[in-house]
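Student: One structure is given below, represented as structure tokens, and several questions about it will come after.
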Amino acid sequence: MDEDDELRKGPNRRCIVTGTVGPKENLLRFVVGPDNVVVPDVEGRLPGRGIWLSPRRDVVNTAVSKRLFAKAARRAVSVPEDLADRIEKLLSRRCLDALALARRAAQAVCGFEKVKAEAKARRIGVLVQAGDAAQDGREKLKALAPGVTVVDQFDAVELGAVFGRDHAVHVCVAPGGLARRLAAEAAFLAGFRQDRTP
């Protein structure tokens, strides 16, 4: 299936900044609330006409600075100046919540040796590594899990909080729905934490 077939397959939306057209699952949705304030709809469930952006900090900042939300909504709207920061926090929370859910479902483990064992057994859906971890350990585990999605937007303290520890450096999630959810959420977050991605 070529790219054109892929675009025709599902509902597509256009980014108001870049003009890029793609599946709505690949774009961030915004709505204008009853108080005329632009609200990020990271779950895609809020009522109202959607306004769509590519999931990147620079794109959101451009939409804010050029008043493109008002143009797309065809009315005066209020846009928080720190909209990109708010989105980053929402996306970060969703990623960590997905990881916590995987831990509670016994689908996530942490620790170098445990992750290494899962990699050797080919039971990794997503490899999560602290962005502030030592490069050699990270590379060793990546080599054992070729082709596996790697999430590295979090530091060791953020990951540790999910597992009830001071810090966690190497984590993996078993293949399945939670791993796919985490990978999708992390792909959005990467557009807002590019400076933290090695």
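Student: Which entry is the computed Cα extents along the principal axes in Å for this structure: (1) 81, 40, 25; (2) 56, 42, 29; (3) 48, 36, 32?
Tutor: (2)
Student: While we're looking at this one, here's another question. Jot down the radius of gyration and Dmax of region 56-139, Cα atoms only, both in angstrom.
Tutor: Cα-based Rg and Dmax for region 56-139 come out at 19.4, 56 Å.
Student: Using Stokes-Einstein with the Kirkwood hydrodynamic radius over Cα pairs, what translational diffusion coefficient do you get for region 101-148 at 37 °C and a viscosity of 0.692 mPa s, in µm²/s rounded to a whole number?
Tutor: Values: Rh = 11.1 Å.
D, rounded to a whole number, is 294 µm²/s.
Student: May I pose another question? Taking only Cα atoms and a 10 Å spring cutoff, compute GNM fluctuations for the chain and point out the largest among GLU43, GLU88, GLU118.
Tutor: The residue with the greatest mean-square fluctuation here is GLU43.
Student: Considering only protein heavy atoms, what is the solvent-accessible area of THR62 at a probe of 1.4 Å, reported in Å² to the nearest 10?
Tutor: Here the residue's solvent-accessible area equals roughly 40 Å².
Student: Mean separation of Cα pairs under 8 Å and 6+ residues apart, divided by the residue count of the chain: what relative contact order is that in percent? Each step should come with its number before you reach the end.
Tutor: Working: 311 pairs, mean separation 38.4, N = 198.
Taking the mean separation of contacting Cα pairs over the length of the chain, I get 19 percent.
Student: Do any trypsin sites (Lys or Arg not before Pro) in region 127-198 lie in a DSSP loop with no more than 16 other beta carbon atoms within 10 Å, and if so, which?
Tutor: When the trypsin sites (Lys or Arg not before Pro) of region 127-198 are filtered for loop state and at most 16 Cβ neighbours within 10 Å, ARG165 remain.
Student: Here is a further query. Which helices pass in the chain if a helix is a full DSSP H run, must span at least 18 angstrom along its long axis by Cα, and must have mean Kyte-Doolittle hydropathy not below 0.0? Can you show the working numbers first?
Tutor: Working: long enough: 83-104 (31 Å, -0.03); 177-190 (20 Å, 0.86).
Helices meeting the span and hydropathy rule in the chain are 177-190.
Student: Further, regarding this structure: Which of the trypsin sites (Lys or Arg not before Pro) found in region 94-126 are loop residues per DSSP with 10 or fewer other Cβ atoms within 10 Å of their Cβ? The partial results should precede the final answer.
Tutor: On the way: sites: ARG94, ARG103, ARG104, LYS114, LYS116, LYS120, ARG122, ARG123; in loops: ARG122, ARG123.
Counting only loop positions with at most 10 other Cβ atoms within 10 Å, the trypsin sites (Lys or Arg not before Pro) in region 94-126 are ARG122.
Student: Moving to a separate point now. If I take every Cα pair under 8 Å that is 6 or more residues apart in region 109-187, average their sequence separation and divide by the length, what percent do I get for the relative contact order?
Tutor: Numbers: 129 pairs, mean separation 33.3, N = 79.
Relative contact order for region 109-187 comes out at 42 percent.
Student: Can you show me the helix-derived [θ] at 222 nm for the chain, built from DSSP H runs with n ≥ 4 at -39,500 (n - 2.57) apiece and divided by the number of residues, rounded to the nearest 500. Spell out each step's value before the answer.
Tutor: On the way: 8 runs with 84 residues, N = 198.
Only helices count here, giving -12500 deg cm²/dmol.
Student: By how many nm would the segment from ASP155 to ALA105 grow when fully extended, if each residue of separation counts as 0.36 nm and the alpha-carbon distance is taken off?
Tutor: On the way: separation 50, 0.36 × 50 = 18.00 nm, distance 2.26 nm.
Net length gain for the segment: 15.7 nm.
The values are calculated or read from the model by the stated rules, or taken from the named source; none is laboratory data. Just so it is clear, the model here is predicted, and its values are computed rather than measured. Because the Cβ atoms are built from the backbone with ideal geometry, glycine has one as well, and the counts that use them run over all protein chains shown. Surface areas here come from the heavy atoms of the whole protein model, side chains and all, with no ligands, DNA or RNA. Shrake-Rupley method; radii C 1.70, N 1.55, O 1.52, S 1.80 Å.
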